[in-house]
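Participant: There's a structure below that I have some questions on.
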Amino acid sequence: MAAPRLRFLGGAGTVTGSRFLVETEPGRVLVDCGLFQGLKRLRLLNWAPFAADPASIDAVAITHAHVDHLGYLPALVRDGFRGPILATPATIELAGIVLRDAARLQEEEASYANRKGFSKHHPAQPLYTSDDAEQALSRFTPLEFHTLASAGPGATVRMRPAGHILGSATVTLSLTDRDRTILFSGDLGRDSHPLLRGPAPREATDVVVVESTYGDRRHDDQQVSLDRMARVITRTAERGGTVIIPAFAVDRTEVVLLVLRRLLAEGRIPRLPVYADSPMALAVLDVYRKAVAAEDPQLRPGFGDGDPFDAGDLHEAHTPEESIALNELTYPSIIISASGMATGGRVLHHLARCLPDPRNAVILVGFQAAGTRGERLAAGAPAIKMLGRYVPVRAKVLVVDAFSVHADADELVTWLTAAPPPETAYVVHGEPRASATLADRLAGDHGWTAVAPRQLEWVRLD
(Lines give C-alpha, C1' and ligand atoms only; values in the text may rest on other atoms or scores of the structure.)
Protein backbone atom coordinates (compact mmCIF):
# COMPACT_ATOMS: atom_id res chain seq x y z
CA MET A 1 0.00 0.00 0.00
CA ALA A 2 1.37 3.42 -0.98
CA ALA A 3 2.37 5.74 1.86
CA PRO A 4 -0.01 8.61 2.65
CA ARG A 5 1.33 12.00 1.63
CA LEU A 6 0.75 15.68 2.36
CA ARG A 7 1.26 18.37 -0.25
CA PHE A 8 1.45 22.09 0.41
CA LEU A 9 -0.53 23.67 -2.43
CA GLY A 10 -0.57 27.08 -0.73
CA GLY A 11 0.22 28.81 2.52
CA ALA A 12 3.89 27.76 2.24
CA GLY A 13 6.33 30.65 2.14
CA THR A 14 3.40 33.07 2.25
CA VAL A 15 0.69 34.12 4.66
CA THR A 16 -2.14 33.57 2.16
CA GLY A 17 -3.58 30.90 -0.10
CA SER A 18 -3.88 28.12 2.48
CA ARG A 19 -4.43 24.79 0.68
CA PHE A 20 -3.23 21.45 2.06
CA LEU A 21 -3.83 18.17 0.22
CA VAL A 22 -3.69 14.82 2.02
CA GLU A 23 -3.47 11.87 -0.35
CA THR A 24 -3.93 8.25 0.65
CA GLU A 25 -4.32 5.15 -1.48
CA PRO A 26 -8.12 5.21 -1.12
CA GLY A 27 -8.71 8.97 -1.45
CA ARG A 28 -7.82 12.66 -1.23
CA VAL A 29 -8.83 15.32 1.28
CA LEU A 30 -8.17 19.04 0.92
CA VAL A 31 -7.92 21.17 4.06
CA ASP A 32 -8.71 24.81 3.24
CA CYS A 33 -9.00 26.22 -0.26
CA GLY A 34 -7.94 29.86 -0.07
CA LEU A 35 -7.10 32.68 -2.41
CA PHE A 36 -3.60 34.09 -2.70
CA GLN A 37 -3.34 37.79 -1.85
CA GLY A 38 -0.70 40.51 -1.70
CA LEU A 39 2.20 40.44 -4.16
CA LYS A 40 1.34 40.14 -7.85
CA ARG A 41 3.33 36.92 -8.23
CA LEU A 42 1.11 35.40 -5.55
CA ARG A 43 -2.17 36.74 -6.95
CA LEU A 44 -1.30 35.23 -10.33
CA LEU A 45 -1.27 31.79 -8.69
CA ASN A 46 -5.05 32.06 -8.36
CA TRP A 47 -5.25 31.82 -12.15
CA ALA A 48 -2.95 28.79 -12.49
CA PRO A 49 -4.53 25.34 -12.93
CA PHE A 50 -5.19 23.74 -9.56
CA ALA A 51 -2.29 21.44 -8.65
CA ALA A 52 -4.61 18.42 -8.27
CA ASP A 53 -7.58 17.38 -10.38
CA PRO A 54 -10.56 18.84 -8.46
CA ALA A 55 -12.68 15.86 -9.48
CA SER A 56 -10.24 13.51 -7.70
CA ILE A 57 -10.73 15.18 -4.30
CA ASP A 58 -13.21 13.37 -2.07
CA ALA A 59 -13.86 16.10 0.50
CA VAL A 60 -12.77 19.57 1.60
CA ALA A 61 -12.53 20.67 5.23
CA ILE A 62 -12.59 24.43 5.87
CA THR A 63 -11.11 25.90 9.04
CA HIS A 64 -12.83 29.30 8.86
CA ALA A 65 -14.47 31.89 6.64
CA HIS A 66 -11.61 34.17 5.66
CA VAL A 67 -11.03 34.48 1.94
CA ASP A 68 -7.42 33.26 2.14
CA HIS A 69 -8.80 29.98 3.53
CA LEU A 70 -11.93 29.40 1.41
CA GLY A 71 -11.94 31.98 -1.39
CA TYR A 72 -10.93 29.53 -4.15
CA LEU A 73 -13.83 27.13 -3.51
CA PRO A 74 -16.06 28.45 -6.34
CA ALA A 75 -13.31 27.76 -8.89
CA LEU A 76 -12.67 24.30 -7.41
CA VAL A 77 -16.34 23.36 -7.72
CA ARG A 78 -16.65 24.87 -11.19
CA ASP A 79 -13.67 22.79 -12.31
CA GLY A 80 -15.06 19.46 -11.14
CA PHE A 81 -15.06 19.02 -7.37
CA ARG A 82 -18.26 17.20 -6.35
CA GLY A 83 -17.68 16.13 -2.76
CA PRO A 84 -18.84 17.66 0.53
CA ILE A 85 -17.31 20.84 1.95
CA LEU A 86 -17.18 20.30 5.71
CA ALA A 87 -17.34 23.36 8.00
CA THR A 88 -18.94 24.50 11.23
CA PRO A 89 -22.43 26.05 10.97
CA ALA A 90 -21.12 29.55 11.74
CA THR A 91 -18.41 29.19 9.09
CA ILE A 92 -21.07 28.20 6.55
CA GLU A 93 -23.18 31.23 7.44
CA LEU A 94 -20.20 33.55 7.06
CA ALA A 95 -19.06 31.76 3.89
CA GLY A 96 -22.33 32.76 2.24
CA ILE A 97 -21.42 36.40 2.82
CA VAL A 98 -17.74 36.10 1.95
CA LEU A 99 -18.02 34.02 -1.24
CA ARG A 100 -20.90 36.02 -2.68
CA ASP A 101 -18.97 39.21 -2.05
CA ALA A 102 -15.78 37.78 -3.55
CA ALA A 103 -17.64 36.71 -6.69
CA ARG A 104 -19.29 40.11 -7.03
CA LEU A 105 -15.91 41.83 -6.77
CA GLN A 106 -14.43 39.49 -9.36
CA GLU A 107 -17.26 40.29 -11.76
CA GLU A 108 -17.07 44.03 -11.13
CA GLU A 109 -13.30 44.11 -11.66
CA ALA A 110 -13.61 42.24 -14.96
CA SER A 111 -16.40 44.54 -16.10
CA TYR A 112 -14.38 47.63 -15.16
CA ALA A 113 -11.31 46.29 -17.00
CA ASN A 114 -13.41 45.73 -20.12
CA ARG A 115 -14.91 49.23 -19.97
CA LYS A 116 -11.49 50.86 -19.53
CA GLY A 117 -9.66 48.49 -21.86
CA PHE A 118 -6.62 47.98 -19.65
CA SER A 119 -6.69 44.17 -19.42
CA LYS A 120 -4.39 42.12 -21.64
CA HIS A 121 -7.26 39.63 -21.95
CA HIS A 122 -10.06 40.38 -24.40
CA PRO A 123 -12.53 40.20 -22.87
CA ALA A 124 -11.37 40.14 -19.26
CA GLN A 125 -13.01 37.35 -17.27
CA PRO A 126 -13.62 37.03 -13.53
CA LEU A 127 -11.78 34.29 -11.69
CA TYR A 128 -15.25 32.96 -10.94
CA THR A 129 -18.83 34.15 -11.10
CA SER A 130 -21.73 34.52 -8.70
CA ASP A 131 -23.21 31.32 -10.12
CA ASP A 132 -19.96 29.53 -9.31
CA ALA A 133 -20.16 30.84 -5.74
CA GLU A 134 -23.73 29.55 -5.35
CA GLN A 135 -22.66 26.12 -6.61
CA ALA A 136 -19.87 26.05 -4.04
CA LEU A 137 -22.21 27.08 -1.24
CA SER A 138 -24.59 24.27 -2.16
CA ARG A 139 -21.86 21.73 -1.34
CA PHE A 140 -21.32 22.83 2.27
CA THR A 141 -22.11 20.25 4.94
CA PRO A 142 -22.36 21.46 8.57
CA LEU A 143 -20.14 19.82 11.15
CA GLU A 144 -20.57 20.71 14.81
CA PHE A 145 -17.54 21.07 17.03
CA HIS A 146 -16.17 17.80 18.47
CA THR A 147 -18.26 15.69 16.07
CA LEU A 148 -16.62 12.99 13.94
CA ALA A 149 -17.48 12.93 10.22
CA SER A 150 -16.37 10.98 7.19
CA ALA A 151 -14.07 12.79 4.78
CA GLY A 152 -14.15 10.17 2.06
CA PRO A 153 -12.56 6.71 1.87
CA GLY A 154 -10.22 6.01 4.77
CA ALA A 155 -10.45 9.43 6.44
CA THR A 156 -12.43 11.15 9.18
CA VAL A 157 -12.49 14.76 10.37
CA ARG A 158 -13.10 16.35 13.75
CA MET A 159 -13.21 20.10 14.40
CA ARG A 160 -12.48 21.95 17.64
CA PRO A 161 -12.77 25.68 18.45
CA ALA A 162 -9.82 27.77 17.26
CA GLY A 163 -10.90 31.07 18.84
CA HIS A 164 -9.94 33.14 15.78
CA ILE A 165 -13.30 34.24 14.35
CA LEU A 166 -16.85 32.99 14.82
CA GLY A 167 -16.98 29.37 13.65
CA SER A 168 -13.21 29.00 13.29
CA ALA A 169 -11.86 25.52 13.94
CA THR A 170 -8.79 23.40 14.11
CA VAL A 171 -9.13 20.30 11.94
CA THR A 172 -7.91 16.85 12.99
CA LEU A 173 -7.76 14.47 10.06
CA SER A 174 -7.54 10.77 10.94
CA LEU A 175 -6.37 8.27 8.35
CA THR A 176 -8.30 5.24 9.51
CA ASP A 177 -6.52 2.68 7.36
CA ARG A 178 -3.10 3.80 8.64
CA ASP A 179 -3.91 4.88 12.20
CA ARG A 180 -2.33 8.30 11.54
CA THR A 181 -3.56 11.72 12.70
CA ILE A 182 -2.78 15.19 11.32
CA LEU A 183 -3.81 18.40 13.08
CA PHE A 184 -4.29 21.59 11.05
CA SER A 185 -4.39 24.70 13.23
CA GLY A 186 -6.05 26.94 10.66
CA ASP A 187 -5.66 30.45 12.06
CA LEU A 188 -5.25 30.15 15.80
CA GLY A 189 -6.92 32.71 18.02
CA ARG A 190 -5.98 34.18 21.38
CA ASP A 191 -7.15 33.73 24.95
CA SER A 192 -7.43 37.53 25.06
CA HIS A 193 -9.87 37.83 22.13
CA PRO A 194 -12.46 40.37 23.36
CA LEU A 195 -15.39 38.46 21.83
CA LEU A 196 -14.51 34.79 21.57
CA ARG A 197 -13.33 32.20 24.04
CA GLY A 198 -9.78 31.03 23.47
CA PRO A 199 -8.79 28.06 21.33
CA ALA A 200 -9.38 24.54 22.60
CA PRO A 201 -6.19 22.91 23.88
CA ARG A 202 -4.10 21.10 21.29
CA GLU A 203 -4.68 17.36 21.16
CA ALA A 204 -1.88 14.88 20.62
CA THR A 205 -1.46 13.92 16.95
CA ASP A 206 1.25 12.37 14.81
CA VAL A 207 1.68 15.49 12.67
CA VAL A 208 0.87 19.17 13.21
CA VAL A 209 0.45 21.78 10.47
CA VAL A 210 0.53 25.14 12.26
CA GLU A 211 0.13 28.71 11.11
CA SER A 212 2.86 31.30 11.76
CA THR A 213 1.37 34.67 10.84
CA TYR A 214 3.06 36.19 13.90
CA GLY A 215 5.63 33.44 14.32
CA ASP A 216 8.51 35.91 14.69
CA ARG A 217 6.99 38.53 16.99
CA ARG A 218 5.03 39.25 20.12
CA HIS A 219 1.95 41.43 20.19
CA ASP A 220 2.11 44.73 21.99
CA ASP A 221 0.61 44.90 25.44
CA GLN A 222 -3.11 45.44 24.92
CA GLN A 223 -3.43 48.15 27.54
CA VAL A 224 -0.53 50.11 26.05
CA SER A 225 -2.01 49.72 22.57
CA LEU A 226 -5.43 50.90 23.72
CA ASP A 227 -3.82 53.93 25.39
CA ARG A 228 -2.04 54.83 22.14
CA MET A 229 -5.22 54.34 20.15
CA ALA A 230 -7.25 56.48 22.55
CA ARG A 231 -4.66 59.28 22.38
CA VAL A 232 -4.65 59.28 18.57
CA ILE A 233 -8.46 59.36 18.39
CA THR A 234 -8.69 62.15 20.97
CA ARG A 235 -6.00 64.31 19.38
CA THR A 236 -7.43 63.79 15.89
CA ALA A 237 -10.83 64.90 17.15
CA GLU A 238 -9.25 67.97 18.76
CA ARG A 239 -7.72 68.86 15.38
CA GLY A 240 -11.11 68.48 13.71
CA GLY A 241 -9.90 65.46 11.75
CA THR A 242 -11.20 62.05 10.71
CA VAL A 243 -9.89 58.69 11.90
CA ILE A 244 -9.86 56.02 9.20
CA ILE A 245 -9.65 52.40 10.38
CA PRO A 246 -9.19 49.87 7.56
CA ALA A 247 -10.63 46.67 9.01
CA PHE A 248 -11.32 43.17 7.74
CA ALA A 249 -15.03 42.66 7.31
CA VAL A 250 -15.12 39.35 9.17
CA ASP A 251 -14.48 39.69 12.92
CA ARG A 252 -12.07 42.66 12.91
CA THR A 253 -14.78 45.26 12.37
CA GLU A 254 -16.74 43.72 15.25
CA VAL A 255 -13.69 43.76 17.52
CA VAL A 256 -12.95 47.41 16.69
CA LEU A 257 -16.55 48.44 17.40
CA LEU A 258 -16.51 46.59 20.71
CA VAL A 259 -13.25 48.27 21.75
CA LEU A 260 -14.47 51.74 20.75
CA ARG A 261 -17.51 51.22 22.93
CA ARG A 262 -15.26 50.21 25.82
CA LEU A 263 -12.99 53.25 25.38
CA LEU A 264 -16.00 55.56 25.33
CA ALA A 265 -17.51 53.95 28.43
CA GLU A 266 -14.19 54.44 30.25
CA GLY A 267 -14.06 58.11 29.24
CA ARG A 268 -10.85 57.65 27.25
CA ILE A 269 -12.19 58.94 23.93
CA PRO A 270 -14.76 61.61 23.13
CA ARG A 271 -18.19 60.64 21.85
CA LEU A 272 -17.84 60.69 18.06
CA PRO A 273 -20.01 59.46 15.21
CA VAL A 274 -18.74 56.08 14.05
CA TYR A 275 -19.45 55.08 10.45
CA ALA A 276 -19.23 51.41 9.49
CA ASP A 277 -18.82 51.54 5.72
CA SER A 278 -18.79 48.03 4.28
CA PRO A 279 -21.86 46.06 3.20
CA MET A 280 -19.98 42.82 3.83
CA ALA A 281 -18.88 43.89 7.32
CA LEU A 282 -22.43 44.97 8.14
CA ALA A 283 -23.79 41.59 7.04
CA VAL A 284 -21.20 39.89 9.25
CA LEU A 285 -22.09 42.27 12.09
CA ASP A 286 -25.65 40.95 11.97
CA VAL A 287 -24.32 37.38 12.31
CA TYR A 288 -22.31 38.38 15.38
CA ARG A 289 -25.28 40.23 16.87
CA LYS A 290 -27.40 37.09 16.51
CA ALA A 291 -24.66 35.04 18.16
CA VAL A 292 -24.55 37.46 21.10
CA ALA A 293 -28.34 37.41 21.44
CA ALA A 294 -28.35 33.59 21.36
CA GLU A 295 -25.50 33.43 23.92
CA ASP A 296 -23.48 31.28 21.53
CA PRO A 297 -21.04 29.18 23.59
CA GLN A 298 -18.18 30.32 21.34
CA LEU A 299 -18.56 33.82 22.77
CA ARG A 300 -17.39 35.15 26.09
CA PRO A 301 -20.21 35.76 28.55
CA GLY A 302 -21.24 39.08 30.02
CA PHE A 303 -22.03 41.40 27.11
CA GLY A 304 -25.08 42.67 28.99
CA ASP A 305 -28.05 44.43 27.48
CA GLY A 306 -28.08 46.47 24.31
CA ASP A 307 -25.87 46.32 21.23
CA PRO A 308 -22.27 45.65 22.32
CA PHE A 309 -21.04 46.97 18.97
CA ASP A 310 -22.58 50.45 19.21
CA ALA A 311 -20.24 53.04 20.70
CA GLY A 312 -23.16 55.41 21.20
CA ASP A 313 -23.43 56.96 17.73
CA LEU A 314 -23.06 54.15 15.18
CA HIS A 315 -24.10 54.74 11.56
CA GLU A 316 -24.22 51.99 8.94
CA ALA A 317 -23.36 52.88 5.35
CA HIS A 318 -24.95 50.18 3.21
CA THR A 319 -25.32 51.82 -0.19
CA PRO A 320 -22.72 53.45 -2.46
CA GLU A 321 -24.56 56.73 -2.02
CA GLU A 322 -24.25 56.52 1.76
CA SER A 323 -20.54 55.79 1.40
CA ILE A 324 -19.98 58.70 -0.99
CA ALA A 325 -21.79 61.03 1.40
CA LEU A 326 -19.04 60.42 3.96
CA ASN A 327 -16.73 62.48 1.75
CA GLU A 328 -18.71 65.54 2.82
CA LEU A 329 -18.11 65.11 6.55
CA THR A 330 -16.93 68.37 8.12
CA TYR A 331 -16.76 67.29 11.77
CA PRO A 332 -14.57 64.83 13.71
CA SER A 333 -15.58 61.23 13.13
CA ILE A 334 -14.37 57.64 12.85
CA ILE A 335 -14.79 55.63 9.64
CA ILE A 336 -14.30 51.85 9.71
CA SER A 337 -14.15 50.40 6.22
CA ALA A 338 -12.85 47.36 4.36
CA SER A 339 -10.42 46.09 3.28
CA GLY A 340 -8.14 45.59 6.26
CA MET A 341 -4.91 45.76 4.22
CA ALA A 342 -6.20 48.57 1.97
CA THR A 343 -6.05 46.30 -1.08
CA GLY A 344 -9.42 47.46 -2.42
CA GLY A 345 -12.95 48.38 -1.51
CA ARG A 346 -14.50 51.55 -0.17
CA VAL A 347 -11.66 52.32 2.22
CA LEU A 348 -9.48 53.40 -0.71
CA HIS A 349 -11.74 56.38 -1.39
CA HIS A 350 -11.61 57.42 2.27
CA LEU A 351 -7.84 57.05 2.37
CA ALA A 352 -7.41 59.02 -0.86
CA ARG A 353 -9.39 61.87 0.68
CA CYS A 354 -7.88 61.80 4.17
CA LEU A 355 -4.22 60.82 3.80
CA PRO A 356 -3.02 64.21 2.44
CA ASP A 357 -4.43 66.13 5.45
CA PRO A 358 -2.27 66.13 8.63
CA ARG A 359 -5.37 66.67 10.77
CA ASN A 360 -6.46 63.10 10.01
CA ALA A 361 -5.24 59.73 11.24
CA VAL A 362 -5.18 56.13 10.01
CA ILE A 363 -5.15 53.26 12.50
CA LEU A 364 -4.02 49.87 11.14
CA VAL A 365 -5.45 47.11 13.32
CA GLY A 366 -4.45 43.89 11.58
CA PHE A 367 -1.67 42.01 9.83
CA GLN A 368 -0.43 43.77 6.70
CA ALA A 369 0.79 41.25 4.13
CA ALA A 370 3.78 41.91 1.90
CA GLY A 371 2.94 43.94 -1.18
CA THR A 372 -0.21 45.57 0.20
CA ARG A 373 -0.91 49.27 0.66
CA GLY A 374 -1.37 48.60 4.35
CA GLU A 375 2.18 47.28 4.57
CA ARG A 376 3.54 50.39 2.84
CA LEU A 377 1.54 52.65 5.14
CA ALA A 378 2.84 50.78 8.18
CA ALA A 379 6.41 51.15 6.87
CA GLY A 380 6.05 54.94 6.64
CA ALA A 381 5.80 55.39 2.87
CA PRO A 382 5.57 59.10 1.97
CA ALA A 383 3.06 58.40 -0.80
CA ILE A 384 0.75 55.51 -1.68
CA LYS A 385 -0.60 54.68 -5.13
CA MET A 386 -4.35 54.15 -5.25
CA LEU A 387 -7.13 54.75 -7.73
CA GLY A 388 -4.59 55.38 -10.47
CA ARG A 389 -2.53 58.11 -8.75
CA TYR A 390 -0.06 58.66 -5.92
CA VAL A 391 -1.55 60.11 -2.76
CA PRO A 392 0.77 61.88 -0.29
CA VAL A 393 0.73 60.55 3.27
CA ARG A 394 0.57 63.43 5.73
CA ALA A 395 -1.99 61.93 8.12
CA LYS A 396 -0.84 60.25 11.33
CA VAL A 397 -0.46 56.47 10.85
CA LEU A 398 -0.70 54.20 13.91
CA VAL A 399 -0.14 50.43 13.87
CA VAL A 400 -1.98 48.57 16.65
CA ASP A 401 -1.22 44.86 16.39
CA ALA A 402 -2.67 44.14 19.83
CA PHE A 403 -6.00 44.01 18.00
CA SER A 404 -4.82 40.95 16.12
CA VAL A 405 -6.93 37.83 16.57
CA HIS A 406 -3.94 35.68 15.56
CA ALA A 407 -1.86 34.08 18.29
CA ASP A 408 1.60 35.63 18.50
CA ALA A 409 4.84 33.63 18.72
CA ASP A 410 4.65 33.02 22.46
CA GLU A 411 0.96 32.09 22.30
CA LEU A 412 1.59 29.68 19.42
CA VAL A 413 4.40 27.96 21.32
CA THR A 414 2.34 27.74 24.51
CA TRP A 415 -0.55 26.14 22.61
CA LEU A 416 1.69 23.76 20.69
CA THR A 417 3.74 22.55 23.65
CA ALA A 418 0.75 21.89 25.92
CA ALA A 419 0.50 18.38 24.38
CA PRO A 420 3.19 15.79 23.59
CA PRO A 421 5.35 16.74 20.60
CA PRO A 422 4.30 15.37 17.21
CA GLU A 423 6.67 13.43 15.01
CA THR A 424 6.85 16.49 12.74
CA ALA A 425 5.48 20.02 12.83
CA TYR A 426 5.07 21.82 9.51
CA VAL A 427 5.07 25.60 9.95
CA VAL A 428 2.93 27.32 7.32
CA HIS A 429 0.75 30.37 6.64
CA GLY A 430 3.40 32.97 7.37
CA GLU A 431 5.95 35.12 5.61
CA PRO A 432 9.24 33.19 5.19
CA ARG A 433 10.96 34.85 8.14
CA ALA A 434 8.02 34.26 10.48
CA SER A 435 7.70 30.58 9.54
CA ALA A 436 11.43 29.93 9.77
CA THR A 437 11.69 31.69 13.14
CA LEU A 438 8.88 29.64 14.68
CA ALA A 439 10.26 26.39 13.25
CA ASP A 440 13.72 27.18 14.63
CA ARG A 441 12.27 28.02 18.04
CA LEU A 442 10.34 24.75 18.23
CA ALA A 443 13.44 22.81 17.18
CA GLY A 444 15.99 24.67 19.28
CA ASP A 445 14.04 25.32 22.48
CA HIS A 446 11.79 22.25 22.54
CA GLY A 447 13.61 19.61 20.53
CA TRP A 448 10.83 19.26 17.94
CA THR A 449 11.30 18.23 14.35
CA ALA A 450 9.85 21.41 12.85
CA VAL A 451 10.24 22.65 9.28
CA ALA A 452 8.86 25.37 7.05
CA PRO A 453 7.86 23.51 3.85
CA ARG A 454 8.16 24.82 0.30
CA GLN A 455 5.27 25.59 -2.01
CA LEU A 456 4.10 22.39 -3.80
CA GLU A 457 6.38 20.18 -1.68
CA TRP A 458 5.27 16.60 -0.95
CA VAL A 459 5.99 14.92 2.39
CA ARG A 460 5.25 11.37 3.54
CA LEU A 461 2.91 10.84 6.47
CA ASP A 462 3.83 7.27 7.41
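The values are calculated or read from the model by the stated rules, or taken from the named source; none is laboratory data. Computed from a prediction, not measured in an experiment: that's the story for all the values here. Note: ideal-geometry Cβ built from the backbone for every residue, glycine included; neighbour counts use all protein chains shown. We work out accessible area using only protein heavy atoms, side chains counted, and drop any ligands, DNA or RNA first. Shrake-Rupley method; radii C 1.70, N 1.55, O 1.52, S 1.80 Å.
Participant: Restricting to region 410-443, name every residue that is free of Cβ contacts under 8 Å to residues at least 12 places away in the same chain and touching a strand residue (DSSP E or B) at 6+ places or on another chain (Cβ under 9 Å). Lay out the reasoning, then the answer.
Facilitator: Step one: list which residues in region 410-443 are free of Cβ contacts under 8 Å to residues at least 12 places away in the same chain, which gives 414, 440, 443.
Of everything in region 410-443, those that are free of Cβ contacts under 8 Å to residues at least 12 places away in the same chain and touching a strand residue (DSSP E or B) at 6+ places or on another chain (Cβ under 9 Å) turn out to be D440, A443.
Participant: Against the definition (charged (D, E, K, R), touching a strand residue (DSSP E or B) at 6+ places or on another chain (Cβ under 8 Å) and under 17 Å from T417 (Cβ atoms)), how does D206 come out, yes or no? So that I can check it myself, show each step before the final result.
Facilitator: Details: charged (D, E, K, R): yes; touching a strand residue (DSSP E or B) at 6+ places or on another chain (Cβ under 8 Å): yes; under 17 Å from T417 (Cβ atoms): yes.
Yes; evaluated as a whole, the condition is true for this residue.
Participant: Let me ask another. Among the residues in region 328-351, are any open to solvent by 30 Å² or more (accessible area, probe 1.4 Å), of a type in the set (V, I, T) and closer than 23 Å to S212 by Cβ?
Facilitator: yes
Participant: When region 432-451 is examined, which residues are found to be open to solvent by less than 50 Å² (accessible area, probe 1.4 Å) and not polar (S, T, N, Q)?
Facilitator: Of the residues in region 432-451, the ones open to solvent by less than 50 Å² (accessible area, probe 1.4 Å) are 434-436, 438-439, 442-443, 448, 450.
Hits for region 432-451 are A434, A436, L438, A439, L442, A443, W448, A450.
Participant: So which of V365, V393 ends up being open to solvent by 10 Å² or more (accessible area, probe 1.4 Å), touching a residue at least 24 places away in the same chain (Cβ under 8 Å) and touching a strand residue (DSSP E or B) at 6+ places or on another chain (Cβ under 7 Å)? Step through it out loud before you land on a result.
Facilitator: Values: V365 fails: open to solvent by 10 Å² or more (accessible area, probe 1.4 Å).
Being open to solvent by 10 Å² or more (accessible area, probe 1.4 Å), touching a residue at least 24 places away in the same chain (Cβ under 8 Å) and touching a strand residue (DSSP E or B) at 6+ places or on another chain (Cβ under 7 Å) holds for just one of V365, V393, which is V393.
Participant: Suppose we filter L166, L183 for residues that are open to solvent by less than 30 Å² (accessible area, probe 1.4 Å) and farther than 30 Å from A3 by Cβ; which single one remains?
Facilitator: On the way: L183 fails: farther than 30 Å from A3 by Cβ.
Just a single option satisfies the conditions, and that option is L166.
Participant: So, restricting to helices (runs of 4 or more DSSP H) that lie completely within region 53-117, which ones have at least 2 residues that are in contact with a helix residue (DSSP H, G or I) (Cβ under 7 Å, 6 or more places away or on another chain) and open to solvent by 30 Å² or more (accessible area, probe 1.4 Å)? Before the answer, list the steps.
Facilitator: Numbers: elements: 67-70, 73-78, 89-116.
Of the helices (runs of 4 or more DSSP H) lying wholly inside region 53-117, those with at least 2 residues that are in contact with a helix residue (DSSP H, G or I) (Cβ under 7 Å, 6 or more places away or on another chain) and open to solvent by 30 Å² or more (accessible area, probe 1.4 Å) span 89-116.
Participant: Here is a check on your reading of the model: is T330 among the polar types (S, T, N, Q) and without any contact (Cβ under 8 Å) to a residue 24 or more places away in the chain?
Facilitator: Numbers: among the polar types (S, T, N, Q): yes; without any contact (Cβ under 8 Å) to a residue 24 or more places away in the chain: yes.
So T330 fits the description; yes.
Participant: What pairs come out if I take residues in region 36-51 that are on the phi > 0 side of the Ramachandran plot and pair them with residues that are not small (G, A, S) whose C-beta lies under 9 Å away, six or more apart or interchain?
Facilitator: So the pair list comes out as G38/T14; G38/V15; G38/T16; G38/M341; G38/T343; G38/T372; G38/E375.
Participant: Can you tell me which residue is surrounded by the most Cβ atoms within 10 Å (Cβ to Cβ) among those in region 186-212 that are acidic (D, E) and outside any strand (DSSP E or B)?
Facilitator: D187
Participant: Determine, yes or no, whether T176 is open to solvent by 10 Å² or more (accessible area, probe 1.4 Å) and farther than 27 Å from G13 by Cβ.
Facilitator: The answer is yes for T176.
Participant: When residues of region 238-264 are filtered for being among the hydrophobic types (A, V, I, L, M, F, W, C) and more than 28 Å from T343 (Cβ to Cβ), how many remain? Explain how you work it out, then say what you get.
Facilitator: The initial filter retains those residues of region 238-264 that are among the hydrophobic types (A, V, I, L, M, F, W, C), namely 243-245, 247-250, 255-260, 263-264.
Retained after the next criterion (residues that are more than 28 Å from T343 (Cβ to Cβ)): 264.
Summing the residues that are among the hydrophobic types (A, V, I, L, M, F, W, C) and more than 28 Å from T343 (Cβ to Cβ) in region 238-264 gives 1.
Participant: What residue, among those in region 16-52 that are out of contact with any Lys or Arg (no Cβ under 8 Å at 6 or more places or on another chain) and among the small types (G, A, S), is most open to solvent (accessible area, probe 1.4 Å)?
Facilitator: If we take residues in region 16-52 being out of contact with any Lys or Arg (no Cβ under 8 Å at 6 or more places or on another chain) and among the small types (G, A, S), then A48 is most open to solvent (accessible area, probe 1.4 Å).
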